[in-house]
Amino acid sequence: MKKNLLISAIVAPTLLATFAFAQSADGVSSLRTNDVSEPAVVEDVFHQDESRFTRNYRQQPPLVPHSIDQYQIDLKANRCLSCHDWTVAGERKAPTLSMTHYQDRDGNQLDVVAGTRWFCNQCHVPQADAPALVDNTFEASN
């Protein structure tokens, strides 16, 4: 009985203090400039460029000229192939994958993309006109 009284003597004032503090939080200013129920408009840090970037060195993988944010690329699916596989690229008016993507490690030609080339975003990234994060003195080759 004494134990229950002790617990209620501690819990009740704590709950009251918490409630009072929550009620006094009206004066807290938010980092958002609009109400929480309104969508926040965020300026683009970078924008997707319509024209293709030039390559800076031989055998540089081409940059992707469109967003791939919602693309599924995992062991079971590769959305890039829905446009760029050789079987559909013509009708989709998309560039076809290089024939090297259809060769296995031993150089044998395959009808499907080789497992070593399945994860496109290992080499290909979306091109963006983004500010450099660090100073860069790279010069493109001739």
Kindly list the number of the only condition in (1) surrounded by 12 or more Cβ atoms within 10 Å (Cβ to Cβ); (2) part of a loop (DSSP other than H, G, I, E, B) that fails for T54. (1)
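Conditions tested, residue by residue: (1) in a strand (DSSP E or B); (2) in contact (Cβ under 8 Å) with a residue 12 or more places away in the chain; (3) touching a Gly at 6+ places or on another chain (Cβ under 7 Å); (4) closer than 28 Å to N142 by Cα.
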| site | (1), (2), (3), (4) |
| --- | --- |
| I68 | no, yes, no, no |
| A94 | no, no, no, yes |
| L97 | no, yes, no, yes |
| G107 | no, no, no, no |
Residue in the range 109-142 that is nearest to V64 (Cα to Cα), counting only those that are outside any loop (DSSP other than H, G, I, E, B) and of a type in the set (S, T, N, Q): N121
Is it true that some residue in the range 90-109 is within 22 Å of S51 (Cα to Cα) and in contact with a strand residue (DSSP E or B) (Cβ under 8 Å, 6 or more places away or on another chain)? no
Identify the residue in the range 105-142 that is at pLDDT below 90 and under 29 Å from Q72 (Cβ atoms) and, among all such residues, is surrounded by the fewest Cβ atoms within 10 Å (Cβ to Cβ). L133
Top-ranked residue in the range 62-75 [being out of contact with any Pro (no Cβ under 6 Å at 6 or more places or on another chain) and either at pLDDT 90 or above or among the hydrophobic types (A, V, I, L, M, F, W, C) (or both); ranked as nearest to L110 (Cα to Cα)]: L75
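From the set of residues in the range 38-51 that are in a loop (DSSP other than H, G, I, E, B) and surrounded by 10 or more Cβ atoms within 10 Å (Cβ to Cβ), which is modelled with the highest pLDDT? First the steps, then the outcome.
Taking the range 38-51 and keeping what is in a loop (DSSP other than H, G, I, E, B), we get 38-47, 49-51.
Those still in the list that are surrounded by 10 or more Cβ atoms within 10 Å (Cβ to Cβ) too: 46, 49.
Values: F46: 57, D49: 60.
Going through the qualifying residues, I end up with D49.
The values are calculated or read from the model by the stated rules, or taken from the named source; none is laboratory data. What you see is a predicted model, and the numbers here were worked out from it, not measured in a lab. Virtual Cβ from ideal backbone geometry, glycine too; neighbours counted across all protein chains shown.
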